[in-house]
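Asks: Quick one: this structure, given as structure tokens, is what I'll be asking you about.
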Amino acid sequence: MAWTKYQLLLAAMMLVTGSINTLSAKWADNFSASGCHGSPSHTFSHPFLQAVGMFLGEFSCLAVFYILLCHDRRAPEPKMNAGRAFNPLLFLPPAVCDMLATSIMYVALNMTSASSFQMLRGAVIIFTGLLSVAFLDRRLVASQWAGIFITILGLVVVGLADFVSGQRDDTHKLNDVVTGDLLIIMAQIIAAVQMVLEEKFVYKHDVHPLRAVGTEGLFGFIILTILLIPMFYIPVGDFSNNPRRVLEDALDAFCQIGNQPMIVLALLGNIISIAFFNFAGISVTKEISATTRMVLDSLRTVVIWVVSLAVGWEQFHGLQVLGFIILLAGTALYNGLHRPLLAKLPCYTAEESGGSSERSGLLGNGDNEES
């Protein structure tokens, strides 16, 4: 069945805004400007402030939800399901997980390439699958276990590509690349916990996805904004690139923004893109299918990789391409993308009636990253 113009618009919006989300964050990291009190020019390394911006983008989904709800209620025949009443504190635990995972990933993005950052986020299906077996009593079928093992192989290949590139390139030091990759994997463990919490405690309350994303964004924005105050005084030595060597120097960030206004454009791109990406992702799942959303999410990795090569942020490495293909195969197997193809064979018998964990990713950090 051919897609409608609206469905094509949603798919394009998800692909473009999802790519802009990672690219704009990396763009901001590549700027250099002097900070407060005449400090010398240094890179814009403020991952926690960037995470606050991401949560602001998620929070805006709550405004979109109420605008759509208000518009729907004025219609002659309201069609929008606003969901049942719920306790907003249900979203606090997953919001904390989202905050931790996102902050860690923005720290890692300073250390590794944008394409590797996006590829390694595919590790979330490994931990989501294992945790869903342990805590949701879910039974994974053979194709999903195969998808998990193939994804692990893909992660090894991407990690090996980063190791080789770290030895050859001057863009990132080898230690930074390895540390960044490990931090991304760590963040995916936390993101998987977030998805399991959402499925176990949130989905049964029939909460509208935009409202869920917006509520989590509200909690994340408030908590992380408050935490910027103690972060201003916590010394971390060489782990930080800001002049005061503290965990996060928000004042230095604002001074750099004042001295290099283009940073604002990058940050706004990140905030706005995450809002549209969440809206488009939810709408693609509703209007087309969860499988289409997964395919588009994989395609944005290609877009990010191609753009990064084009602007000179990284160099071409064949191992990285191989790793991405393996990761794509693993993700496709885990999400059941092979079933429609096999169903055309006369001897095919369905493995299971369900099995896709795409549902648990609807609220995930997709960037919600995203996640």
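The values are calculated or read from the model by the stated rules, or taken from the named source; none is laboratory data. If you're wondering where the values come from, they're calculated on a predicted model, not measured in any experiment. Virtual Cβ from ideal backbone geometry, glycine too; neighbours counted across all protein chains shown. Heavy atoms of the whole protein, side chains included, go into the accessibility calculation; ligands, DNA and RNA do not. Shrake-Rupley method; radii C 1.70, N 1.55, O 1.52, S 1.80 Å.
Asks: When the helices in the chain are scored as -39500 (n - 2.57) per DSSP H run of 4 or longer and the sum is shared across all residues, what 222 nm value do you end up with, to the nearest 500 deg cm²/dmol?
Replies: -22500 deg cm²/dmol
Asks: Taking R0 as 45 Å, what's the FRET efficiency between Ile234 and Ile152 from their Cβ-Cβ distance, rounded to 0.05?
Replies: Rounded to the nearest 0.05, the efficiency is 0.85.
Asks: Ok, one more. For labels at Leu299 and Asp206 in the simple 7 Å Cα→Cβ model, what's the distance in nm?
Replies: Simple spin-label model gives 3.4 nm for this pair.
Asks: Subtracting the Cα-Cα distance from 0.36 nm times the residue separation, let me have the gained length for Asn241 to Leu309 in nm, one decimal.
Replies: 22.0 nm
Asks: Let me ask something else about it. Taking Lys79 as the anchor, which lysines have their alpha carbon closer than 23 Å to its alpha carbon, excluding any fewer than eight residues away along the same chain?
Replies: Excluding near neighbours in sequence, the set is Lys5, Lys204, Lys286.
Asks: Between beta-carbons, use under 14 Å as the cut-off and find the net charge around Leu228, counting Lys and Arg +1, Asp and Glu -1.
Replies: Neighbourhood net charge equals -2.
Asks: For Ser240, what is the net charge nearby, where nearby means another residue's Cβ is under 14 Å from its Cβ and Lys, Arg count +1, Asp, Glu -1?
Replies: Net of charged neighbours comes to -4.
Asks: Out of Val311, Val246, Val264, any idea which swings most in a Gaussian network model of the chain, alpha carbons joined below 10 Å?
Replies: Val311
Asks: Let me ask something additional. Could you give the accessible area per residue of the chain, probe 1.4 Å, as a whole number in Å²?
Replies: 46
Asks: Follow-up question, since we're still on this one. Remind me, what semi-axes does the chain give for its equivalent ellipsoid, largest first in whole Å, using sqrt of 5 times each Cα gyration tensor eigenvalue?
Replies: 33, 26, 19
Asks: So how long is each side of segment 195-317 along the principal axes, counting just the alpha-carbon atoms, biggest first, in Å?
Replies: Rounded to whole Å, the extents work out to 48, 40, 26 Å.
Asks: Give me, ordered by chain and number, the residues 5 or more places off Val246 or on other chains with an amide H under 5 Å from its own placed amide H.
Replies: The list, which skips near neighbours in sequence, is Val236.
Asks: Another question about this same structure. Under a GNM of the chain (C-alpha, springs under 10 Å), which listed residue has the highest mean-square fluctuation: His338, His71, His42?
Replies: For the chain, modelled as a Gaussian network with Cα springs under 10 Å, the answer is His71.
Asks: Roughly speaking, to the nearest percent, how much of the chain's 1.4 Å accessible area is carbon and sulfur?
Replies: 69
Asks: Any lysines with Cα under 29 Å of the Lys173 Cα? List them, leaving off those in the same chain fewer than 8 positions away.
Replies: Lys26
Asks: In nm, what is the difference between 0.36 nm times the number of residues separating Phe316 and Tyr6 and their Cα-Cα distance?
Replies: Taking Phe316 through Tyr6 to full extension adds about 108.0 nm, to one decimal.
Asks: Here is a further query. Which ³J(HN,Hα) values in Hz, rounded to whole numbers, follow from the phi angles of segment 30-47 under the Karplus curve 6.51 cos²θ - 1.76 cosθ + 1.60, where θ = phi - 60° and Gly and Pro get x?
Replies: Working through the residues one at a time gives 7, 6, 10, 7, 6, x, 6, 6, x, 5, x, 4, 8, 5, 7, 10, 9, x Hz.
Asks: Follow-up. Under a GNM of the chain (C-alpha, springs under 10 Å), which listed residue has the highest mean-square fluctuation: Pro47, Pro78, Pro261?
Replies: Largest GNM mean-square fluctuation: Pro78.
Asks: Using θ = phi - 60° and the Karplus curve 6.51 cos²θ - 1.76 cosθ + 1.60, what whole-Hz ³J(HN,Hα) does each residue of segment 308-322 get, with Gly and Pro shown as x?
Replies: 4, 5, 5, 8, x, 6, 8, 10, 6, 9, x, 4, 5, 5, 4
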